[in-house]
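Below: one structure, written as structure tokens.
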Amino acid sequence: MAKKIGSFIIIIILLIAAVIVSAMTGSIKVSVIELIQGLLSGTNEQVEVIKDLRFPRIIVSMLTGAALAVSGVLLQAVMKNPLADAGVIGISSGAGLVSLLVVTIFPGLFFWMPLFSFIGGAFACYLVYALSWRSGLSPLRLILVGIAINATFTGLGQSFNYRGSYAVTSVNQAISSIFTMKTWQDVNIIAVYGIVGLLLSLLLSSWCNMLSLQDKTAKNLGLRVTRARLIISVVAVLLASVATAIGGLIAFVGLLVPHIARLLVGSDHKVLIPFSALGGALLILTADTLGRTVLAPTEIPASIIMTVIGGPFLIFMLRKSDRVHGN
């Protein structure tokens, strides 16, 4: 118990520190005292610029990370697979592709991107289930099918880059993982959908715990397993889709964060879900801050940083899973 409390305290402190550092660093630099005084008084022009341009970026990156991490936790509970992640198995790329298609054909529907992202994510999730099922869900088969679907959707999405229309250019900027020029409107959208999804995931935490048991045992305990899997999957797709629509296509968050979180706070989803949300927020905020400061004024997308980190981690997890399942 002491380890869990200590882990929560540490990650909260780290997240607060990351927010302060991210707000202070960049093309406009201020001290901590100037930042606090400017926020309280509203008279410091530099702080006002930071509030209008940098704060939405910070909040969007944090909520994106939290949503993707919790989505990973839920998918892993449903699929009983530690390798499940919305970015790796194609849900995020499916969400991005469908929103890109619809908004390319109907540019006036640009502000409905979260809805189209959800539809695309749900379709990708269905494909992963349908193509992976063979007398049960094999963890390795599921992840390999997911990687294939992800590659297909990503390739189709990137092919639209060569059409050259203004609408496509706008959408590509919207689904890229560079958080530049995020506005308070973006914050409002991801806050509404994201917070609803995060609250629903907390309410479903007991179902996630029961799904870790054998299906027969869970049924004997009164859980309607198929319904529980469907509802949890819908919430996971919602979180991944809104994160993709507002924050962009970022892989490996739902793979890295839950695995590390389980080592620190255990597998009880009532604790694992909120801790993963904090961990995801910290990870993406840190990646975005590094991306815009390391080679300034050039920006490195958060997705590239996550790919560099997550690729080797996925290989490690695949090798570990191979040893466990003997496949």
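The values are calculated or read from the model by the stated rules, or taken from the named source; none is laboratory data. In this text, all values refer to a predicted model and were calculated from it rather than measured experimentally. Positions of Cβ are backbone-derived with ideal geometry, glycine not excepted, and every protein chain shown enters the neighbour counts. For accessibility, only protein heavy atoms count, side chains too; no ligands or nucleic acids. Shrake-Rupley method; radii C 1.70, N 1.55, O 1.52, S 1.80 Å.
Assorted remarks:
- Residues satisfying the criterion are absent from the range 97-116 (criterion: in contact (Cβ under 8 Å) with a residue 40 or more places away in the chain, farther than 24 Å from Asp186 by Cα and β-branched (Val, Ile, Thr)).
- Just one of (1) in a helix (DSSP H, G or I); (2) within 29 Å of Gly155 (Cα to Cα); (3) small (Gly, Ala, Ser) fails for Ala261. It is (2).
- Residue identified as in contact (Cβ under 8 Å) with a residue 24 or more places away in the chain, open to solvent by less than 10 Å² (accessible area, probe 1.4 Å) and assigned to a helix (DSSP H, G or I) among Gly311, Gly280: Gly280
- Test: residue in the range 55-62 that is over 30 Å from Ile232 (Cβ atoms) and out of contact with any Lys or Arg (no Cβ under 8 Å at 6 or more places or on another chain): yes
- For the range 83-108, a tally of residues being open to solvent by 20 Å² or more (accessible area, probe 1.4 Å) and either in contact with a helix residue (DSSP H, G or I) (Cβ under 6 Å, 6 or more places away or on another chain) or outside the structural domain of Ile309 (by TED's automatic domain parsing) (or both) returns 4.
- The one condition in (1) open to solvent by 10 Å² or more (accessible area, probe 1.4 Å); (2) farther than 30 Å from Ser233 by Cα that Ala23 fails to fulfil: (1)
- For the range 103-120, filtering for residues that are closer than 22 Å to Ala236 by Cα, at pLDDT below 85 and touching a Leu at 6+ places or on another chain (Cβ under 8 Å) leaves 0.
- Single residue of the range 247-271 satisfying the filter (among the aliphatic types (A, V, I, L, M) and open to solvent by less than 10 Å² (accessible area, probe 1.4 Å)) that is farthest from the chain's Cα centre (by Cα): Val265
- The range 139-159 residues that are touching a residue at least 40 places away in the same chain (Cβ under 8 Å), paired with ones that are of a type in the set (Lys, Arg) (beta carbon under 9 Å, 6 or more apart): Pro139/Lys80
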